[in-house]
Amino acid sequence: MDTRKPKIVCTLVLPIYNMSILMGKKTDTIGIDQWNGWGGEVEEGETVREAAVREFKEESNLSAQKEDLKYFGTATFHNKKKSGVWFVVIVHIFLCYKWRGKLKVGKGMKNPTFIPINRIPFDNMMPADEFWLPRVLAGRKIYDEYWYSQGQQKVERKKIGTMDADSDVD
């Protein structure tokens with residue numbers, strides 16, 4: 001019996017300013033009370049970039065144009081619920097250096113903070129972040145897969161990959 005459910009496609013926007021990354025603490029779903037970027041699920045009928053722009057606005061009240069999002073690849077996370085059912089989340093990752101608006105926390109996030117890139121709190125983030133985030137911040141496009149233990153407490157297996165420098169997504 002196949003215990004995997006359909007893949008969930010999501011986005012993640014990481015705003016960068018003055019060698020710092022704007023992060024917030026998650027208030028719902030996976031990674032509650034851990035530092036993260038801004039994003040969420042791609043809705044039916046929208047492109048990955050459109051979803052990234054929408055989710056960034058919904059969670060931070062900040063606006064970015066699609067062309068201001070720099071694509072840095074995907075990280076696929078294989079997760080196991082307490083019931084034993086697997087679910088897979090494919091996250092499209094973007095860095096953003098240009099946005100407008102006044103920061104105001106929206107749904108799903110709290111405590112927005114600019115964190116210096118050299119002091120990212122990996123001990124209060126999802127376990128796989130320490131593997132992919134430094135590579136993205138160094139300008140590498142990734143194509144990674146991570147298998148989490150039940151409850152996403154640790155990475156049990158990882159497959160590290162790269163994308164061509166000219167790889168992009170709509």
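Which of the following residues is surrounded by fewer than 13 Cβ atoms within 10 Å (Cβ to Cβ), over 27 Å from Ser63 (Cα atoms) and in contact (Cβ under 8 Å) with a residue 12 or more places away in the chain: Lys158, Lys154?
None of the others qualify; the one that does is Lys154.
Note down all Cβ pairs under 6 Å where the first residue falls in region 101-127 and is farther than 12 Å from Met23 by Cβ, the second is of a type in the set (Asp, Glu) and loosely packed, with under 13 Cβ neighbours inside 10 Å, and they're at least six residues apart or on different chains.
Here the result reads Gly108/Asp28, each pair linking region 101-127 to a residue that is of a type in the set (Asp, Glu) and loosely packed, with under 13 Cβ neighbours inside 10 Å.
Just the residues that are in contact with a strand residue (DSSP E or B) (Cβ under 9 Å, 6 or more places away or on another chain) and among the β-branched types (Val, Ile, Thr), please, taken from region 26-57.
Thr27, Ile30, Ile32, Val42, Val48, Val53
Take Asp164 and tell me if it is over 29 Å from Lys57 (Cβ atoms) and acidic (Asp, Glu).
yes
Go through (1) of a type in the set (A, V, I, L, M); (2) in contact with a Ser or Thr (Cβ under 9 Å, 6 or more places away or on another chain); (3) surrounded by fewer than 17 Cβ atoms within 10 Å (Cβ to Cβ); (4) more than 30 Å from Asn61 (Cβ to Cβ) for Val169 and report which single condition fails.
Val169 satisfies every listed condition except (4).
Restricting attention to region 128-147, report how many residues are assigned to a loop (DSSP other than H, G, I, E, B) and open to solvent by 30 Å² or more (accessible area, probe 1.4 Å). Quick ask: steps written out before the conclusion?
Our first condition is that a residue be assigned to a loop (DSSP other than H, G, I, E, B); within region 128-147, this holds for 128, 138-141.
Next cut, open to solvent by 30 Å² or more (accessible area, probe 1.4 Å) only: 138-141.
Selection size over region 128-147: 4.
The values are calculated or read from the model by the stated rules, or taken from the named source; none is laboratory data. All figures in this text were calculated on a predicted structure; none of them were measured in a lab. Glycine also receives a Cβ, built like all others from the backbone with ideal geometry; neighbour counts cover every protein chain displayed. The area values use the complete protein model at the heavy-atom level, side chains included, leaving out ligands, DNA and RNA. Shrake-Rupley method; radii C 1.70, N 1.55, O 1.52, S 1.80 Å.
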